[in-house]
């Protein structure tokens, strides 16, 4: 069963900034991330593993989902299901639920923060936020890419921040384009509507001003998740994009941004 212990996570992290934090500050972080509430959530839903877990968490938090474009989900699930990333945990849980309901088993390419949630370990392949991924991670990724399993991915790699005076994803990473071509996977664009709290973005702005590299605002994502309790979130699913579309007219980086642009053009 998952049990979040922020003190242990910080002690085992690769960040010298985090390791040097005083004990009182670490205790404050435990309160900020709502460690007790998280562990109660995991405890109350400990019987649910893999694709059964995300829908139970959404129900536990009484989060409603309004989806348009479900008819655009292809019969063949061997695709990349890519989306913008405005919330953090919640849009991940929703994407798990949408794709899992349609196809059953799946995999998510995620950052290493999800490795602490045991309930999701069977359906996630983690890549490291800090530093390079190990050979073990890379080999596991390649197996997933070559499989027939649906893959869900947030190509920004980070939750949306303030960019060009708007709250939106940073530029998307190109890897899903390359892997779509080499593994013959169509791409299904999905858009989430909404945003996190002002506090989340304010911390990000101050971190940029102070030139602090450590992603401090990441610690607020559990809080942001609980703030979505009893809310309704809108989702729009676009038509699949054939992997054959990604020709040499543009580079992989440019194609990734074009898919990103297409996601933001999806209207609810």
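The values are calculated or read from the model by the stated rules, or taken from the named source; none is laboratory data. All of these numbers come straight from a predicted model, not from anything done at the bench. Don't worry about glycine lacking a Cβ; one is built from the backbone with ideal geometry, like all the others, and counts go over all protein chains shown.
Scanning region 68-99 for residues that are assigned to a strand (DSSP E or B) and closer than 24 Å to residue 170 by Cα turns up 79, 80, 81, 82, 83.
On the given criteria, is residue 41 crowded, with 16+ Cβ neighbours inside 10 Å, out of contact with any strand residue (DSSP E or B) (no Cβ under 8 Å at 6 or more places or on another chain), at negative phi and not in a strand (DSSP E or B)? Yes.
Taking residues in region 117-145 that are at positive phi and at pLDDT below 85, and partners anywhere that are loosely packed, with under 12 Cβ neighbours inside 10 Å and outside any helix (DSSP H, G or I), the pairs with Cβ atoms closer than 8 Å and at least 6 places apart or on different chains are 131/14. Is there a residue being touching a strand residue (DSSP E or B) at 6+ places or on another chain (Cβ under 6 Å), outside any helix (DSSP H, G or I) and either closer than 30 Å to residue 146 by Cα or in contact (Cβ under 8 Å) with a residue 60 or more places away in the chain (or both) anywhere in region 50-65? Yes, that holds for at least one residue. Residues that are without any contact (Cβ under 8 Å) to a residue 60 or more places away in the chain and over 30 Å from residue 213 (Cα atoms) within region 15-49 comprise 40, 41, 43, 44, 47, listed in sequence order. Candidates are the residues of region 232-247 that are within 30 Å of residue 182 (Cα to Cα) and assigned to a strand (DSSP E or B); the one that is farthest from the chain's Cα centre (by Cα) is 241. Based on this model, can you work out whether residue 240 counts as touching a residue at least 24 places away in the same chain (Cβ under 8 Å), surrounded by 14 or more Cβ atoms within 10 Å (Cβ to Cβ) and touching a helix residue (DSSP H, G or I) at 6+ places or on another chain (Cβ under 6 Å)? So residue 240 does not fit the description; no.
Residue-by-condition table, conditions (1) exposed (fewer than 14 other Cβ atoms within 10 Å of the Cβ); (2) over 16 Å from residue 102 (Cα atoms); (3) within 19 Å of the chain's Cα centre (by Cα):
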position	(1), (2), (3)
17	yes, yes, no
20	yes, yes, no
23	yes, yes, no
31	yes, yes, no
45	no, yes, no
51	no, no, yes
55	no, no, yes
61	no, yes, yes
79	no, no, yes
